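Report on the structure given below.
None of the figures in this text is laboratory data; all of them are computed from the coordinates on show. As the structure is a prediction and not an experimental result, all values here were calculated from the model. As a convention, Cβ positions derive from the backbone with ideal geometry for all residues, glycine included, and neighbour counts pool all protein chains shown.
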Amino acid sequence: MIKMKLNNILGKILGTDKLYFEEVHIEDEVIDEIINIAKESYPNEFVALLEGRVEDEILNISGLIFLPSDVSNEGAVMQVFMQPLTLNSLGSVHSHPGYNASPSDADLEFFASKGVFHMIIAEPYTRDSIRAYDSWGNVVNFRTI
Ligand SMILES: [Zn+2]
């Protein structure tokens, strides 16, 4: 709860206080797309930004935003690090070759600097191998709709 409050305070300072949310809903199609792209990109990582909006304290993720050179075999996230977030982008998703969906140090640095909600999909690239995190790397639950 302390972190939620901090998020609120930071949000007010940064003018992003409309990004406060209690729940995350992700459209089924978005999950399917993430799974498909992760499989296609393997053994490389893919990375995309998440598109969506917050309404009634629910963060709704409705689509993916791809960037130039969105597939890389070396730290896809670091390339996105240099990109400005678009107005509607709330966070990111990227894949990990291997079975570890925990954020790396570079991932955590990225999470802290961009957006409020981040997903990592690890092998075997199924719904169950997706983990989601907040800006601090804490696990966040989400619901598919
Ligand atoms: Zn990563």
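Numerical summary
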item	result
Spin-label model distance (nm) - Arg53 vs Arg143, 7 Å beyond Cα toward Cβ	2.0
Ranking of Tyr99, Tyr125 by count of other Cβ atoms within 10 Å, fewest first	Tyr99, Tyr125
Per DSSP, loop GluC sites (Glu not before Pro) in the stretch 27-71 with at most 10 further Cβ within 10 Å	Glu57
Per-residue Cβ neighbour rank within 10 angstrom, fewest leading, Val139, Val30, Val47	Val139, Val30, Val47
Net length gained if the chain between Tyr42 and Tyr20 were fully extended (0.36 nm per residue, minus Cα distance)	4.5 nm
Full-extension gain in nm, Tyr99 to Ser62, via 0.36 nm per residue minus C-alpha separation	10.7 nm
